[in-house]
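The values are calculated or read from the model by the stated rules, or taken from the named source; none is laboratory data. Being a predicted model, the structure only gives us computed values, none of them experimental. Here the Cβ is made from the backbone with ideal geometry for all residues, glycine too, and neighbour counts use every protein chain on show.
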Amino acid sequence: MIKPRIFNTLSKKIEEIVPSSSDHIRIYTCGPTVYDSAHIGNLSSYIYADTLRRALNAWGFNVDHVMNFTDVDDKTINKSQSLYPDLTPMEALKKTTRKYEELFRQDFSSVGCDLSSIKFYRATESIEFMQDLISRLCKEKIAYIASDGVYFSIENYKAKGRKYGQLTNITAQSTGRQRVNNDEYDKDNIHDFALWKTKKEGEPYWEFELESNKLDGRPGWHIECSAMSEHALGVPFDIHTGGVDLIFPHHENEIAQSTAAGENTIFAKYFMHNEHMLVDGKKMSKSLKNFFTLSDIKNKDFDPLAFRLLVLHSHYRSQTNFTWSSLEASQNRLKTYRAFAALKWQTVKKQSKGKIDFDKYYYEIKNSLAEDLNTAMALTQFDACVDQTIDSLLDTSEKQIFDNFLKQIDDIFGLNLSGVKNISLEQKQLIQKREELRASKKFDDADVIRKDLLNTGIEIRDTQYGAIWNPV
């Protein structure tokens with residue numbers, strides 16, 4: 001039995017994944033802030049989370065996977081005010097975030113992530129869970145009411161015997177006593193952070209009464225994920241995923257919020273963080289204006305699944321330097337994979353000395369993934385299978401086995417190789433005619449047919465077994 005392991009940011013070591021309950025694993029992924037299109041660095045994080053869920057399924061686990069939409073925070077409010085100044089703040093917020101949420105869903109699906117496997121929660125539809133958690137934190141004297149909202153007291157949290165700095169080292173010298181109200185702040189200085197912000201002119205707000213104080217306003221960023229994950233999965237849940245940029249302050253603050261109000265000291269058993277995607281050696285970021293979106297990729301005629309393949313060729317804990325040449329290499333490899341998949345339509349009855357052991361390759365792929373989700377090694381195993389198979393024709397008796405293998409590969413890598421379609425009867429007849437012309441040594445006429453087929457999106461490879469076609 002395969003025993004999968006991942007690097008746990010909490011323990012700083014690779015650990016076996018042991019579910020909290022039987023064979024069921026609960027995952028929470030920090031989702032997008034829907035104020036703009038996601039850049040491909042963001043998408044790479046979701047590709048790794050999607051692949052983790054796929055691998056867990058392949059290893060025999062049932063998975064509950066939850067992701068949030070941050071649809072109320074500083075960024076979404078500012079963007080909505082600029083886009084729709086004539087609407088009410090709440091109407092503008094909803095119109096803006098729904099637009100970018102839908103764009104995210106499209107991009108998420110385009111890069112091979114399975115929308116149907118994830119339950120999404122919107123922050124704006126989870127306000128009551130946030131208010132309940134804030135109330136509990138105040139009751140425990142971990143949170144306090146100020147003139148502009150409700151704040152989490154790091155000092156009181158630590159006085160309760162809890163550690164602030166479970167994911168990263170935080171020193172006393174970096175801890176200040178002042179408060180910070182903005183959602184994202186200087187990572188070198190740690191201050192009490194806002195759980196709830198009282199309403200400002202022009203901002204959307206929700207009614208909230210706490211300890212006889214009327215605090216109409218809206219949540220801070222960090223409390224959103226704590227409340228949604230607790231409601232959706234319970235605490236503790238199994239695995240929390242996200243990019244390394246979320247380790248502090250976001251995930252550290254989530255741990256504090258979610259463990260301060262009760263006796264439980266564990267928020268999530270494992271934290272899985274993926275590294276940055278770089279451009280010219282620098283982190284891809286909207287603030288640096290050095291990012292690309294999926295639209296940029298598609299506008300250059302690259303397949304979104306080629307981007308997925310580029311991501312999976314790097315280990316999630318290694319930085320990936322994005323270049324157009326590396327994306328082109330991934331597109332070419334995807335084309336090879338589709339040529340491999342097209343063999344399912346070209347089986348023949350033949351005398352075979354030995355058949356390819358697809359079960360063995362599948363087991364080795366799963367084994368590679370079990371070692372800290374080593375997608376690069378798993379793809380190397382798949383490449384070996386492809387290279388062994390691609391220039392031969394399968395025996396008719398292997399078709400069902402091959403079809404099953406393609407589905408298994410799709411379930412793990414999300415490349416939709418099973419979706420490679422058969423060619424038309426007319427195209428098959430042209431291939432047969434070309435073979436007859438070649439047999440008669442009419443190579444120029446045969447080459448005309450090859451070019452005609454290429455214009456219809458079908459490429460021909462001449463092998464010892466005869467002509468083998470694949471989609472371009």
If we keep just the residues of region 364-399 that are in a loop (DSSP other than H, G, I, E, B) and under 21 Å from the mean Cα position of the chain (by Cα), which is surrounded by the most Cβ atoms within 10 Å (Cβ to Cβ)? LEU373
Could you check how many residues of region 143-156 are of a type in the set (A, V, I, L, M, F, W, C) and over 17 Å from ASN213 (Cβ atoms)? 1
For the list (1) assigned to a helix (DSSP H, G or I); (2) closer than 17 Å to LEU394 by Cβ; (3) of a type in the set (Gly, Ala, Ser), I need the number of the one condition that ALA467 fails. (1)
Residues located in region 10-21, provided they are modelled with pLDDT of 95 or more and in a strand (DSSP E or B): LYS13, ILE14, GLU15, GLU16
If we take region 22-112, then helices (runs of 4 or more DSSP H) inside it with 3 or more residues that are within 30 Å of TYR362 (Cβ to Cβ) are 40-58, 89-110
Matching residues in region 444-472 - criterion: being surrounded by 15 or more Cβ atoms within 10 Å (Cβ to Cβ) and β-branched (Val, Ile, Thr): ILE449, ILE458, ILE460, ILE468
Kindly list the number of the only condition in (1) charged (D, E, K, R); (2) touching a Ser or Thr at 6+ places or on another chain (Cβ under 9 Å); (3) in a helix (DSSP H, G or I) that fails for ASP444. (2)
Is it the case that THR198 is modelled with pLDDT of 70 or more, of a type in the set (S, T, N, Q) and either surrounded by 14 or more Cβ atoms within 10 Å (Cβ to Cβ) or outside the structural domain of TYR84 (by TED's automatic domain parsing) (or both)? yes
Cβ-Cβ below 7 Å, separation at least six or inter-chain, first residue in region 100-126 and farther than 12 Å from MET67 by Cα and polar (S, T, N, Q), second at pLDDT 95 or above and loosely packed, with under 13 Cβ neighbours inside 10 Å: which pairs? SER109/LEU115
Scope region 232-270; condition polar (S, T, N, Q) and touching a Leu at 6+ places or on another chain (Cβ under 9 Å); matching residues: THR241, GLN257, SER258
Could you list all residues from region 87-115 that are of a type in the set (A, V, I, L, M, F, W, C) and farther than 23 Å from GLY217 by Cβ? LEU103, PHE104, PHE108, VAL111, CYS113, LEU115
How many residues does region 236-293 contain that are among the aliphatic types (A, V, I, L, M) and under 30 Å from LYS141 (Cα atoms)? 9
Extreme residue, nearest to PHE129 (Cα to Cα), among residues of region 262-274 that are touching a helix residue (DSSP H, G or I) at 6+ places or on another chain (Cβ under 9 Å) and crowded, with 20+ Cβ neighbours inside 10 Å: PHE267
Subset of region 278-287 [farther than 16 Å from SER37 by Cβ and in a loop (DSSP other than H, G, I, E, B)]: ASP280, GLY281
Quick check, is LEU406 over 30 Å from ALA55 (Cα atoms) and among the hydrophobic types (A, V, I, L, M, F, W, C)? no
Would you check if there is a residue in region 216-224 being aromatic (Phe, Trp, Tyr) and either surrounded by fewer than 20 Cβ atoms within 10 Å (Cβ to Cβ) or more than 28 Å from HIS276 (Cβ to Cβ) (or both)? no
Report the residue count in region 64-75 for those that are more than 18 Å from MET130 (Cα to Cα) and crowded, with 22+ Cβ neighbours inside 10 Å. 1
Could you pull out the residue among LEU52, LEU93, LEU87 that is farther than 22 Å from ARG308 by Cβ, buried (at least 23 other Cβ atoms within 10 Å of the Cβ), at pLDDT 95 or above and in the same structural domain as ILE247 (by TED's automatic domain parsing)? LEU93
For the subset of region 1-32 comprising residues that are in contact with a Phe, Trp or Tyr (Cβ under 8 Å, 6 or more places away or on another chain) and over 22 Å from ASP64 (Cβ atoms), which member is surrounded by the fewest Cβ atoms within 10 Å (Cβ to Cβ)? LYS13
Among the residues of region 288-314, write down those that are under 19 Å from ASN374 (Cα atoms) and in a helix (DSSP H, G or I). LEU305, ALA306, PHE307, ARG308, LEU309, LEU310, VAL311, LEU312
Quick count over region 420-437, residues being in a helix (DSSP H, G or I) and touching a residue at least 12 places away in the same chain (Cβ under 8 Å), is 7
Select the strands (runs of 3 or more DSSP E) contained entirely in region 189-257, then report the ones holding at least 1 residues which are polar (S, T, N, Q). 190-198, 237-243
